[in-house]
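The values are calculated or read from the model by the stated rules, or taken from the named source; none is laboratory data. Treat the numbers as computed from the prediction; the structure is a model and nothing was measured. We place every Cβ from the backbone using ideal geometry, glycine too, and count neighbours over all the protein chains shown. To get the accessible areas, we keep the full protein, side chains included, count just its heavy atoms, and leave off ligands, DNA and RNA. Shrake-Rupley method; radii C 1.70, N 1.55, O 1.52, S 1.80 Å.
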Amino acid sequence: MQRQSILAIVQIGLFAAVLAVLSQISIPLPSGVPVTLQTFAIALSSYTLGWKRGTISVAVYLALGTVGIPVFANFTGGIAKLAGITGGYLWGFLPMALLCGLAMLIWQKNHGVKNGVLCVLLSIAGLATCHVPGIVQFALISGATPLTAFLTASLPYLLKDGVSMVLAFSLALAIQRATRMVAANH
């Protein structure tokens, strides 16, 4: 049992680190919301680790950033980022991780069409739970209308985020297959 606990801690820490690294691949935009690989990293961690460990890895990342460790985009950190123009997206990372992890759980139970559709819907809901608080907080802080906030701080990122989710799901499946193969050989 102790080996499983150590493995869980290592996996959670590893994916929190992956999220921190991929957060730094950032292209600033005039809106103040940079293009990053954060949604890819969140989806990858939850699709790979499952809803519980994936969500915990995101919580670890957020905790590190909240206390000031520069893990957020552009090597920033601190509670001010959670209260800032992009903070809503950061808050949305937790429910996104949970829903993406649940999507993979459903996929693993049965690969049928019904579960495939449910998996896609949960993944889309996960992405929405990231974007909606982002839009709301962006609107509140910038003074923009909700529609303007959506057009400025969400719509330009949706295609990239959708592709990121598909790639993360595919990579997670490959990681899980490789892990099972290695485990079977030992």
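Residues that are closer than 19 Å to A97 by Cα and either in contact (Cβ under 8 Å) with a residue 60 or more places away in the chain or of a type in the set (D, E) (or both): list the helices (runs of 4 or more DSSP H) wholly contained in the range 1-83 that include at least 1 such residues. Can you show your working first?
Numbers: elements: 2-23, 38-49, 51-66, 79-83.
It comes to 38-49.
Mind checking whether some residue in the range 148-156 is of a type in the set (S, T, Y) and under 16 Å from the mean Cα position of the chain (by Cα)? Write out each step before concluding.
Filtering the range 148-156 down to residues of a type in the set (S, T, Y) leaves 148, 152, 154.
Remaining after also requiring under 16 Å from the mean Cα position of the chain (by Cα): 154.
Yes: one or more hits.
Quick one: is L171 at pLDDT 95 or above and exposed (fewer than 13 other Cβ atoms within 10 Å of the Cβ)?
Values: at pLDDT 95 or above: yes; exposed (fewer than 13 other Cβ atoms within 10 Å of the Cβ): no.
Spelling it out, it is not the case that L171 is at pLDDT 95 or above and exposed (fewer than 13 other Cβ atoms within 10 Å of the Cβ).
Which ones in the range 138-155 are loosely packed, with under 15 Cβ neighbours inside 10 Å and part of a helix (DSSP H, G or I)?
Initially, the range 138-155 is screened for residues loosely packed, with under 15 Cβ neighbours inside 10 Å, giving 140, 143, 145-148, 151, 155.
Answer for the range 138-155, where residues must be loosely packed, with under 15 Cβ neighbours inside 10 Å and part of a helix (DSSP H, G or I): L140, P146, L147, T148, L151, L155.
In a helix (DSSP H, G or I) and free of Cβ contacts under 8 Å to residues at least 12 places away in the same chain: which single residue out of A168, A178 fits that description?
Details: A168 fails: free of Cβ contacts under 8 Å to residues at least 12 places away in the same chain.
That would be A178, the only listed residue that is in a helix (DSSP H, G or I) and free of Cβ contacts under 8 Å to residues at least 12 places away in the same chain.
Can you name the residue in the range 48-95 that is touching a Cys at 6+ places or on another chain (Cβ under 7 Å) and farther than 25 Å from V10 by Cβ and is also surrounded by the fewest Cβ atoms within 10 Å (Cβ to Cβ) among such residues?
My answer is G92.
Among (1) open to solvent by 70 Å² or more (accessible area, probe 1.4 Å); (2) within 24 Å of A178 (Cα to Cα), where does S45 come up short?
Unmet condition: (1).
Is it true that K160 is charged (D, E, K, R) and within 16 Å of the chain's Cα centre (by Cα)? So that I can check it myself, show each step before the final result.
Details: charged (D, E, K, R): yes; within 16 Å of the chain's Cα centre (by Cα): yes.
Yes.
For the range 96-137, what are the residues that are open to solvent by less than 70 Å² (accessible area, probe 1.4 Å), under 19 Å from the mean Cα position of the chain (by Cα) and farther than 21 Å from L19 by Cβ?
Across the range 96-137, the qualifying residues are I106, W107, C119, I135.
Could you identify the single residue in L99, L118 that is in a helix (DSSP H, G or I), touching a helix residue (DSSP H, G or I) at 6+ places or on another chain (Cβ under 8 Å) and over 30 Å from L29 (Cβ atoms)? Don't jump to the end; show me each part of the working.
On the way: L99 fails: over 30 Å from L29 (Cβ atoms).
From the options L99, L118, the qualifying one is L118.
Can you tell me which residue within the range 22-42, out of those that are of a type outside the set (G, A, S) and under 10 Å from the mean Cα position of the chain (by Cα), is most open to solvent (accessible area, probe 1.4 Å)?
For the range 22-42, the residue satisfying everything is L37.
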